[in-house]
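Below is one structure, written out as C-alpha cells, with a few remarks after it.
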Amino acid sequence: MKSFIRRAAVASVAALAVVSLAGCAGNGAAAAGSADGTIYFGVSAAVTGQYAQYGEQFKEGFDLALDQVNAKGGINGHPVALKYEDSQSDPKQSVAVAQKFVGDSSISLVFGDYSSAASIPSSPIYTAGKLLQYGFNNSNPDFTAKGSEYQWSTSITTNDSYKWTADYIKDHGVNSVGVTYLNTADWGIPAYNAFKAEAAKIGLTITNAEAVLDTSDDYRPSLTKAVAGNPDAFVHIGYGPDAAKIVTQLRSIGYQGTFYGGQDEQSFDGTADAKGSIIGAGFIETSKDPAVQAFVKAFKKKYPKETSVTSFEAGAYDALNVAVAAAKLGGTTRAGILKGFTELKNVPSVVYGSITFDQSTRRVLSPALTPTILTGGKWVASN
C-alpha cells in the first residue's frame, strides 16, 4: 500500500508539472546554448545515493567523449558541455530535475536517468517541454513504447535481453533453473515475466522463482527455496551489486550450478564467487574490434586508476556521440535535436558497431548480444 501511495504521489507531481510546463511546449524551436556559444546537454543522474556508482561511470564515459568531440571542433565550431542534476535515480527527484531542465532554455537534450523507474515518471514533463529525453540506459520497454516522440533509448529492452537469456540457457543443454528476480514493478517483474514466458515456450523448467529486493543483505532464505528443486543452473534477474551478494550466498549454501546473471560492473566483476558467471553483452572490453580497443586505450589513458571498462562507461560514451551526431544533422535547438534523431544512420558505436534507430520503436535497430563469461575479473566472449 505504501508503494502504491508513493507511486501515486509521483504521478500527481508529474501531472501537475505537465500542466505548469504546457506553456513551455512552444520553446522547442528556440535557440539552445549559452551566450558564449557553448552547446549544453543535461544529465539527470545519480550523483549521490544508492546508484551513485553508475552516475560516476556514466560521467567518465561522457567526459572522454566530450574531450574527443571538442578536440575536433565541437558541433560546427561550438564547444559542447554538460549540466548535471542529481536525481539519485529516484522518481520524485527525477521529476524535479525534469522541471528544472525544461525551464533552462540553454538545454537542448537530456541524458538519463539511470533507471527506467526514475525516467518514466519524468517523461511527460520532457514531452510537454519538447525536450528530447535520451534514456540510453533504460531497458524497460515502456520507456519508449508508452512514451512520445521525445523518448529515445540505445539500451536493449529487458524483454529482448531475457528472452535471449532463456534461449541461450536452453540451447546449452540446461533443462531446469532456479530464479531470483528483483521485486520491482517497473523492471524486475516485467523482466522475469519475459524470461518465464520464453522458458515456457522452449521447455526450460523453472523449479522455483523468488522475488527479492536489491537492498537486502541476507538472501539465503530465498536462495534455499530457489534451489530446493536441485535445478541444473541458476538465474538472477537484477543488477550487479545485488547479484554479487546473491552469487556469494548461493555458493555459501552449497549450490555450485552455473550462475547466469550479474552485470559488467566493479562490485560484481571483483567478486570471487562470480567467476564463471554468464551474461549476454553488447560491449566487451576484451573485444578485438579496433574501435573498441581504441576506446579502451583512450579510456585507460584518461583514467589510469580504472582497472576495467564496462558497458556503463561505453554506453555513456556512445550516447554523447549519438547526441552530437544528431545535433550536426538537425541543429542544436530542441526541435533540431529531435529532427536529427529521426535522420541518424550508422553512427559509430563501441557497443553495437554502429547505431541506426528503428523509427517505430525509437530504439536501436536489430541490437545483438554476445554470450560472455567472467574469467579473471574480465568478461570474455563465450560460445
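Only the coordinates and a few stated rules stand behind these numbers; no lab work does. Since this is a predicted model, take the numbers as computed values, not measurements. With ideal geometry, Cβ positions are generated from the backbone for all residues, glycine too; neighbour counts draw on all protein chains shown.
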When Leu365, Leu329, Leu320 are ranked with the fewest other C-beta atoms within 10 Å first, the list becomes Leu365, Leu329, Leu320
To make sure I understand the rule: partners must be aspartates and glutamates, Cα under 13 Å from the Cα of Lys305, and not fewer than 8 residues away in the same chain. Which ones qualify?
Glu60
Which order results if Arg334, Arg362 are arranged by neighbouring Cβ count within 10 Å, fewest first?
Arg362, Arg334
For the stretch 208-290, compute Rh as the Kirkwood radius over C-alpha pairs and then the Stokes-Einstein diffusion coefficient at 37 °C and 0.692 mPa s; write the answer in µm²/s, rounded to an integer.
247 µm²/s
Counting lysine pairs in the stretch 158-281 that sit 8 or more positions apart or on different chains, with Cα atoms under 25 Å apart, gives 15
Mind checking the dipole of the chain: about its Cα centre, +1 per Lys or Arg Cβ, -1 per Asp or Glu Cβ, Debye to the nearest 20?
360 debye
Using a simple charge model, +1 on the beta-carbon of Lys and Arg, -1 on the beta-carbon of Asp and Glu, nothing else, what dipole does the stretch 284-346 show about its Cα centre, in debye to the nearest 20?
220 debye
Quick one: if you take sqrt(5λ) for each eigenvalue of the C-alpha gyration tensor of the stretch 158-281, what semi-axes come out, biggest first, whole angstrom?
19, 16, 14
What helix-only [θ] at 222 nm does the chain give? Using -39500 (n - 2.57) per DSSP H run of at least 4, over all residues, to the nearest 500, the answer is -13500 deg cm²/dmol
Charged-residue dipole, Cβ positions (Lys, Arg, Asp, Glu), the stretch 91-164 about Cα centre, Debye nearest 20
100 debye
Computed on Cα atoms, the radius of gyration and Dmax of the chain in angstrom are 20.8, 66
Largest fluctuation, Ile278, Ile253, Ile156 only, Gaussian network model of the chain with Cα springs under 10 angstrom, belongs to Ile253
Rounded to the nearest 0.05, FRET efficiency between Gln256 and Ile202 (Cβ-Cβ, R0 22 Å) equals 0.35
Give me the lysines in straight-line cross-link reach of Lys328: C-alpha distance below 16 Å, same-chain residues under 8 apart excluded.
Lys72, Lys339, Lys345
The chain - share of DSSP beta bridges that are antiparallel (%, nearest 5):
30 percent
At 7 Å along Cα-to-Cβ for each site, give me the label-to-label distance between Lys300 and Ala81 in nm.
3.3 nm
I want to verify a result. In a Gaussian network model of the chain, Cα cutoff 10 Å, which of these has the top mean-square fluctuation: Gly73, Gly178, Gly336?
Gly73
Compute the distance from the alpha-carbon center of the stretch 340-372 to that of the stretch 37-116, in whole Å.
21 Å
Dimensionless Rg over Rh [the stretch 27-163; C-alpha; Kirkwood]
0.97
Neighbour-count order for Lys288, Lys163, Lys130, Lys300, fewest beta carbons within 10 angstrom listed first:
Lys288, Lys300, Lys163, Lys130
So what's the net charge close to Thr154: Lys and Arg +1, Asp and Glu -1, counting the other residues with Cβ under 9 Å from its Cβ?
0
Mean-position separation - Cα centroids, the stretch 245-272 and the stretch 126-183, in angstrom:
22 Å
